[in-house]
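One structure is given here, and the rest of the page talks about it.
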């Protein structure tokens, strides 16, 4: 399929919204590839970091928001640290993660990563801190047959060393944390709608 | 041509123009390329300066092959000297046969000042070919008569 | 010296890295630093929140910063660099952008004036290196170590503002003070896979494999870290990492917290520093430290007992 | 009997480690005619040279052979050393035993044998060497500048301001060249005409510059310091002396539908009056309002008077009677001492130039025939305030303002198959400027795209400029080429690729601008033949050395300026023009000049033989320099012609030796490389 380029696309609202959150124009990126060169997980990406920025430049929203790349990004900041134009590609990836959730286009292949983040956050929302055992249980129970047996040995070894703790640490003002979650909820819905 | 290849080292006279091929051969040197030592280079301003008689003289004096190399077509320092040289050789080839010299013993080439590698390859190729072709015996008696034995 | 303390979930709540909390408490106490935990702190959100929701992570951290500010602390020690990075980044962003501050304050229902300076353990100890020098009772005898900073100790640069982002040296210098022999090596700041411990353990194995192999190549007897996430990833998955790297046998590379090394140099016992709870056996490392405590220090230690 | 000194250099280890230098010296010492032979560690050093000088005195040497590095390296060094001791420098030769021997051979015995032979060959040559004297020629301190674009203007002004007379020849009716056609210039965006026209006026005012417009160089004869040029002044049909440039003629001229060359043939419907088309000129015209000289010319091909014999309006309305239909071409002859070639470039027109070109162009772009596909120069005129639309960007098809404009880099450039292998160098920058100016003109209501292969913006503030186009003015750069352009409705569909995102892309454009290659003038070869200067495969004139002699041609006294040499932007063209001008001034700073005496000469003898040359003049036919003249020998008493023989003009001869090799009578010889010398060298071969 030939990509139709038009003013409407390369000057789209979506692109402007990405740039607004980013704080500068995506055109500042000159596609040198320094970000992708140092990315530790580039080998996992069909579109490495620079290509994700390119998708933004060309207003290719669907491809950008459905990509796996932003989900396998570890947020190590290597790209942003080295970017010669201060484009902050790590921030671009974060924005694309936010937007994929807003648009309900989280890549189905990386649902494990997404679920883990969600499990983590629901633990924080519930206790104010992470309850590790609860987080693991919650995460595994979302897909028990696939995730249940994973890392069993590691888990056992951890138990023998007295970690993780069995009981949650709950903070006093959990209500405040819940309200923070409420007020910062992503625009449309943070619920996952896998494609 | 009965001599075994290994013992026969041909003697080759090369007429090269000063602007392109001589400089190219210099470049082969500065690049420390290695090639056969059989060629003796004679520098002329332009291949257009090479009189056919020089070539016949070289064969007469014991050369087993002659190499002429100048600028690429269009690159002649003197605008068109190499074209004249080329045209002249087309006629000269017939004369060589008449004189009993195999035309394969005469090689024309273009080597620019930037082609050190090409020069080295050219010398090696010509040397190898002449080794196979064997010594030029045609004028041996002549040399014996006029100059005494060779070597 | 009294210091604001944000332990973060890793050191207190998830006990995966409990030993880091234990060792930090013990080592800083024997250094004479009193850690004062700020009240009712919440999780910084790393890495799930900062990966998926920028406003959320900013608000969570502004709440913690405001709590610290209200409690009267300027320096706020966050031994986990993920926490420290989130605190620093939020701090940096709300100072740069009044709108972001307003939004975060509203969400967190707290007012933050921007007076707090979150710092990592490396940064704190580096700033106090003369104190460390003075207080240590024995030198750790020249064990070859690779100092692994991980990705976030110095990044993002504008938020952390500490050490060099590509070739950091502060942890090396601290280790040198402790008597260790830090090696020059290639993977000081390469990522270990951070929050993918559970969700993409294959990525963690791949990345830690590279780091461990580089340390091994450099000739390290141990890797010194100051991050619970790095520790977990490097310590727990050495078998998988070795398999991923196509190596026949396990790395068996002890991963030591800076706090543990500091504690040992301050004369604490391996037990006090929870060195026995690592996946990779640290006893060989501890044995290499078998050098006698200095007589004066030994006497003082006996006296304290 | 020759007394030759042979000096063998070890060049440190460079020669000495492979060639047995002492043995070489010992062998040569036994060679007939060698009076002295020595080897030394560094012959080019002061002590080494002293060794030679001392030997010349002590052994009364009649010739010197230095076996060392390439003569291209140190021949002048050793020749100077000989000259200091009174030995004619041309009696000193070098045997190249480094580049041609020690550096390229491994076997020591083989290398030593070869070194012995090479040195012997040169000894035999020196035995036949003759003392030569440098040639001295006088200089006419007057320069010819060919081409009145920015390079020619700059060169002419520089030379004139240094106090020398200049003859500036321009083919078109006005000077100004391409630069006068440009709108704004990168990267500063200053208006081209604003900076250009003052220089044009300065040319017109300069008392030392003789300006010949509508003129072409017919022939160039002579040599450095002494050129004779013939210049054809084409019939302007207007008496320059009488014309005041009032404009009555072109206002009344009835032949009004001629596309103006100055506007690159761009024709645009007038948006204010649909019946009118902008971009035409009249048959009697000045190309543009600021033309220098500001006097019209009649385009006879389109003039009704010449074509149909009917009209005579201009002559009637001219208040000074300056129109002269009977005017004819005039050929003037001028003497100059040097020539600056500044003939510039032309813009390749896709497909259209197929007639005088072996290149076919781009069928996939419709050969550029669609009215909304422009070349860079046409878009330049569209942007220019002095252009047909007064600077409004309008589509040639319907006069509407385009919203989406697509720019294509490398149309013809860097295309081995359809165009030229080289990079035209200026396109990246001018396309960035075009996109920027377009965005400025439409105030954000437009969108531009630029297909590129590489952004080549090497130059002061150049990269920053292209980045500004992308980052601030929002031109979307797509890394890839375009495969096809075709119309759909009133739009043009542009199909291309963006390799950065691995995508085929398609854009519906209102206007497409092709950055077509910057190519040599179509008559470059003809001019090169007149000037006897070489040109490259793309017919750009070749410099004597790409790095060290960048503004000199291979022909002494002929210099190159601007884009006739290869693609150049304005600052580079100006810099090369000033460099060429300074070369001219340096030449003019002496009253006569010296040249290497490697020239041909024709045999002479006392009467009644005069010369063994029998006057076939085959040499004249082969000489690329026109250096062969005819000399007549006449009976002193009767004046009857006895013989016409060849004679070499030493000023013109460059020393190639073609004549010597071609001479059937063996009457022509090349000094320094004569038959005796070369036969001696060839014959030295068998003395193993």
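A short reminder: the numbers here are calculations on the coordinates, not readings from a lab. Predicted model, so just to flag it, every value in this text is computed and none were measured. So basically every Cβ, Gly included, is an ideal-geometry build from the backbone, and we count neighbours across all protein chains shown.
Below is a table of values for the structure above.
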{"quantity": "Ranked packing of D:532-544, D:149-161, most packed first, by mean Cβ within 10 Å", "calculated": "D:149-161, D:532-544"}
{"quantity": "Distance from the stretch D:113-189 to the stretch D:1-69 (C-alpha centre basis), Å", "calculated": "39"}
{"quantity": "Inter-label distance for residue D:29 and residue A:82, nm, one decimal - labels placed 7 Å from Cα along Cα-to-Cβ", "calculated": "6.7"}
{"quantity": "Value of relative contact order over chain D, rounded to a whole percent, pairs C-alpha under 8 Å and six or more apart", "calculated": "13"}
{"quantity": "Pairwise centroid distance, computed over Cα atoms, of the stretch D:79-102 with the stretch D:631-649, Å", "calculated": "40"}
{"quantity": "Fewest-first sequence of B:91, D:169, C:94 by Cβ atoms within 10 Å of each Cβ", "calculated": "B:91, C:94, D:169"}
{"quantity": "Estimated FRET transfer efficiency when R0 is 25 angstrom, pair residue B:95-residue B:121 (beta carbons, to 0.05)", "calculated": "0.30"}
{"quantity": "Cα-based helix-to-principal-axis angle, C:201-218 vs chain C, degrees rounded to 10", "calculated": "50"}
{"quantity": "Choice from C:50, C:153, C:278 with maximal GNM fluctuation in chain C (Cα, 10 Å cutoff)", "calculated": "C:50"}
{"quantity": "Mean-position separation - Cα centroids, the stretch A:7-40 and the stretch D:464-537, in angstrom", "calculated": "25"}
{"quantity": "Rounded tilt (10° steps) of D:570-588 against the dominant C-alpha axis of chain D", "calculated": "40"}
{"quantity": "Kirkwood Rh, angstrom, the protein assembly as shown [1 / mean 1/r, Cα pairs]", "calculated": "38.8"}
{"quantity": "Modelled FRET efficiency - R0 35 Å, residue D:242 with residue D:539, Cβ distances, 0.05 increments", "calculated": "0.30"}
{"quantity": "Peptide A:86-92 - average C-beta neighbours from other chains (10 Å radius)", "calculated": "1"}
{"quantity": "Approximate spin-label separation residue D:472-residue C:167, in nm, with each point projected 7 Å along Cα-to-Cβ", "calculated": "3.6"}
{"quantity": "Cβ neighbours within 10 Å from other chains - mean over D:101-108", "calculated": "5"}
{"quantity": "Chain A, relative contact order in percent, only Cα pairs under 8 angstrom and at least six apart counted", "calculated": "20"}
{"quantity": "Extension reserve of the residue D:630-residue D:454 stretch, reckoned as 0.36 nm per residue once the Cα distance is removed", "calculated": "57.7 nm"}
{"quantity": "Fewest-first sequence of B:97, D:383 by Cβ atoms within 10 Å of each Cβ", "calculated": "B:97, D:383"}
{"quantity": "Shielding by partners, peptide A:130-140 (average Cβ within 10 angstrom, other chains)", "calculated": "3"}
{"quantity": "DSSP bridge orientation in the stretch D:380-520 - percent antiparallel, rounded to nearest 5", "calculated": "50"}
{"quantity": "Per-pair calculated FRET efficiency, R0 = 25 Å: residue D:464 and residue D:194 via Cβ, rounded to 0.05", "calculated": "0.65"}
{"quantity": "Label-to-label distance, nm, for residues given as residue D:495 and residue A:137 (7 Å Cα→Cβ offset)", "calculated": "6.1"}
